[in-house]
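The values are calculated or read from the model by the stated rules, or taken from the named source; none is laboratory data. The structure presented is a predicted model; accordingly, all values stated were derived computationally and were not measured. As a convention, Cβ positions derive from the backbone with ideal geometry for all residues, glycine included, and neighbour counts pool all protein chains shown.
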Ligand code: URA
């Protein structure tokens, strides 16, 4: 990538989050959070103003050894209420797409760029995404997904550090660090633009196929 933090910045963020670090023999600094310590660091986070308007943080859902990680944008109203990502209308469509390509739920872990809801569902601000990035990065390091799928323009642009239209980012593999990353439509976009559902289905078939070979 592109989106990986350099080791000193990562060290700084993780320390600020109260996450232990260890230095391996090759002197590489590696974070050593557990899922539990990371989730409680997120729950207590006050790094940006979204902490003042959230009902609760939204950490992630799914299997903690899943090969596929989905990365959305930010919690909406229903996610803020339930404390889980993608549980509103967009989440219902997402669950249907996952099922439609035969992926069982233990193969998927779902998280967002932001762990707190932006008021009135506005787009995340760059500084909010930057403050939250180390949490997402730590989730990736714990999960070690075989494949990452960025859902929607905001997620794809932030992770890949590009501003190419989403329709042109689909259909090919990128790298997030050494991990393969693909891009597809956000399910909320598909609710507004159902004509693109067929293209999204093609993306998902490809993802399911790739997962079989990994
Ligand atoms: N949209 C997102 O990007 N994430 C959610 O969790 C819900 C809606």
- Checked 171, 177 against criteria (at positive phi and under 15 Å from the mean Cα position of the chain (by Cα)); the one match is 177
- Any hit, segment 158-168, residues being closer than 22 Å to residue 43 by Cα and either crowded, with 18+ Cβ neighbours inside 10 Å or at pLDDT below 95 (or both): no
- Determine which member of the set 195, 138 is at negative phi and surrounded by fewer than 13 Cβ atoms within 10 Å (Cβ to Cβ). 195
- Item | Complete set of residues in segment 185-195 that are farther than 19 Å from residue 129 by Cβ and within 16 Å of the ligand (Cβ to nearest atom) | 185, 187, 190, 191, 192, 193
- Please work out if residue 205 is surrounded by 13 or more Cβ atoms within 10 Å (Cβ to Cβ) and more than 12 Å from residue 97 (Cβ to Cβ). no
- Task: Would you check if residue 91 is in contact with a strand residue (DSSP E or B) (Cβ under 7 Å, 6 or more places away or on another chain) and within 17 Å of residue 191 (Cα to Cα)?
- Result: no
- Any chance you could count how many residues in segment 68-92 are in contact (Cβ under 8 Å) with a residue 60 or more places away in the chain and surrounded by fewer than 19 Cβ atoms within 10 Å (Cβ to Cβ)? 1
- For segment 177-192, how many residues are exposed (fewer than 13 other Cβ atoms within 10 Å of the Cβ) and part of a loop (DSSP other than H, G, I, E, B)? 1
